[in-house]
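Below: one structure, written as structure tokens.
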Amino acid sequence: MTLFRLFFIKILFSVVLFGSLFDFSYISSSEDNFRDKKFKEALSDLKSLNSESAEINYNMANNLYMLSRYEEALKYYKRSVGEAVDEGDRVYNIGNCYYNLKEYDNAIFAYKISLKHKDSRDTRYNLFIAKESKFKEQLDKERKKDKKKDKKKEKSKDGNSKKRDKKKLNKKRKLTKEDIKKMEEAKRKLKLKSMLKENLKSKKVPVLLYKIDTKESNKIKHNPW
């Protein structure tokens with residue numbers, strides 16, 4: 001089964017009846033060029049006709065589609081409404097244009113309309129592919145969002161850890177020579193206190209733990225017992 005089969009209709013002879021032999025040569029030339037896959041040449045032949053008929057617009061769209069000029073092809077498919085153009089095929093090709101432009105919602109809508117006009121295995125298959133592509137696109141978007149969130153979380157974690165490291169460094173840097181001296185003095189005082197306590201226990205050194213009143217000391221001196 002071919003994917004995105006493009007329908008091509010022949011120019012009806014009724015068109016030529018209202019034209020000249022010169023017009024007929026351009027029409028036959030465009031058909032031959034299309035069959036030979038010379039889409040640019042076929043397109044220039046159709047442009048030379050200066051016609052706004054549904055058939056010409058449809059064939060213009062077909063050549064533009066084959067040249068991967070989907071936006072332009074879409075415009076001409078929309079103009080090609082007429083009795084000579086099969087509506088199911090026309091809307092089917094509109095769906096193909098939307099699919100190639102990655103407008104999957106519009107493509108799905110066009111394929112559904114085409115199936116209402118006539119049931120086609122190709123249309124049903126393309127509808128399935130369009131739905132699948134839309135689902136994959138949504139998944140990719142969600143994955144990208146999740147990746148962005150994860151990156152933000154990692155950045156915030158890195159930022160917090162860096163802030164903590166900076167704070168630690170700042171604390172270390174703030175310690176001046178005076179601070180170090182104070183710390184050493186505090187340590188020395190703690191050592192002295194511990195030594196005094198040990199000496200009190202062993203009674204090696206008499207230590208006064210309170211102040212002696214000078215008046216009481218004088219009384220003691222004048223009372224010789």
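Nothing in this text is a laboratory measurement; each read-out follows from the coordinates by a stated rule. Just so we're clear, the structure is a prediction, and the values are computed from it rather than from any experiment. Here Cβ is always computed from backbone atoms with ideal geometry, including for glycine, and neighbour counts include all displayed protein chains.
Annotations for the structure displayed:
- Set of aspartates and glutamates near Lys118 by C-alpha distance (under 13 Å), chain-local residues within fewer than 8 positions excluded: Asp86, Glu87, Asp89
- Those GluC sites (Glu not before Pro) in the range 80-114 that DSSP places in a loop and that have at most 16 other beta carbons within 10 Å: Glu83
- Neighbour-count order for Ser80, Ser194, Ser53, fewest beta carbons within 10 angstrom listed first: Ser194, Ser53, Ser80
- Magnitude of the charge dipole for the range 13-137, about its Cα centre and with charges confined to Cβ atoms of Lys, Arg (+1) and Asp, Glu (-1), is about 520 debye.
- Working note: Karplus 6.51/-1.76/1.60 with θ = phi - 60° gives the range 139-153 the couplings 4, 4, 4, 5, 5, 5, 4, 4, 5, 4, 4, 4, 5, 4, 4 Hz, where Gly and Pro are set to x.
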